[in-house]
Each structure stands twice: as C-alpha cells, then as structure tokens.
Amino acid sequence: MKITYGFKLRSFMALYFFSFYAFSIEKPRDKVKVNLIEQQIGGVERQLFDNSCGIASLSYVLNSYYNKSTSEKNLFFFVGLKPEYSLADFKDVSHTFDIESIGLKLTIIDLKKIKSPTILRTNTNGGHFIVYTGYKDGWFQMVDPAKGRLNYYESELESIFLSNGKVHGLALVFISKNKNKFIDKQLYKNSTNRLWLGK
C-alpha cells in the first residue's frame, strides 16, 4: 500500500510541476517579442491588394504628414477600383484633400535635395510605389506598403527607381506651405534591404 501511495504522490507532484511549468511559460501578448517582419512594418498600414501599393503609399503620406484620418479603403472612393494606378491618380486625390503635389522626373541627386514626402514609382515586380521619407548618412529611407520601413544604398535605389538605363525616375512630390520636414530623424532599425534585391 505504501508503494502505491508513494508512486501516486510522486506522479501527482510531477504532473503538478510540469503543468505549472507549462502554464508559466505562456506570456501575455504584450510581453511577447515581435518578429522581424512586424518590427519592420511597425506603424505602416500594409497594402490590401497586389495592385494597391500606390493607394497605401498615398494613405501613409496623408496620415503621417498631413494628419488626415483616412485609410486605403477610404481612398478607393476617390480613385475607384482599377487594374493599375498612376501618379496622376494620386495627384488628383491629394488635390481633393487640398494638398498640393507635383509630378516630376527626378535623378537620385535631385531626390537627396527634396525635403517633403515623395511617392516614387519603381520597377520592382513590374511596377511598385513606395514613399521616400528622407536621406540620412548615405541611406535613402523608404516606406514600402508591402514590406515596411526600408533603407536603400544609392546603388540599390538606382536599380529599382531608374529603369531601362534612364537617368531619372518618376515621382510625386508633396508640397506644403509649411515646408514639410521629415518625421523620421534616425535611420530605420534594419540596415539594408538586400534580402529583396538578391545581393
């Protein structure tokens, strides 16, 4: 009888210990560290559809720089559903919000001088829009609605912004009476986006 009682007691103690340990390693959601993708996306609304990167980029500019409480879904009411969007579409929508913008052909050197948010058309995946948010310490800082916040070396940006050997790329520069200053004062946490450029 002692053997069975001792065995049952030890089994119960072991079961209690392991169940306590198993529940103690579960942590509240706010204490769980986020993965790299979530860190990179941090605060950037991801695009809803494969072809809505431009609308998501415009939404980011309107919300972050002009304090317009809008979303990608709301902007579809202004521009409609299309298979492709152009910088002219985004210019029209920004004008609806009383925000001046101008479409320009820019070189990389021109881009370094711009002090307001700019939507760039890139040749990534057959055409993609990203937001230029600043230039600091040799890095071009971008917000990509598909990938989050990215830093580009000059050569990396040239490879996606300047297509077919041209010296300029297409951009929509937002103009403000207040002469916008960039929100981000530091480099983004990731050092480069080589993972996506295949270098």
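Just a few scattered comments:
- Some residue of the range 105-122 being among the hydroxyl-bearing types (Ser, Thr, Tyr), at pLDDT below 85, within 15 Å of Val143 (Cα to Cα) and assigned to a loop (DSSP other than H, G, I, E, B): no
- Matching residues, the range 45-101, being crowded, with 20+ Cβ neighbours inside 10 Å and part of a loop (DSSP other than H, G, I, E, B): Gln47, Ser52, Tyr85
- Where a residue in the range 127-155 is within 19 Å of Ile55 (Cα to Cα) and of a type in the set (Asp, Glu) and its partner, wherever it lies, is buried (at least 21 other Cβ atoms within 10 Å of the Cβ) and at pLDDT 90 or above, with Cβ under 7 Å and at least six apart: Asp144/Ile130
- Subset tally (residues that are of a type in the set (Asp, Glu) and touching a Ser or Thr at 6+ places or on another chain (Cβ under 9 Å)) for the range 155-174: 1
- Tallying residues that are of a type in the set (Ser, Thr, Tyr) and at pLDDT 90 or above within the range 156-173 yields 0.
The values are calculated or read from the model by the stated rules, or taken from the named source; none is laboratory data. These numbers were taken from a predicted model, which means no experiment stands behind them. Here the Cβ is made from the backbone with ideal geometry for all residues, glycine too, and neighbour counts use every protein chain on show.
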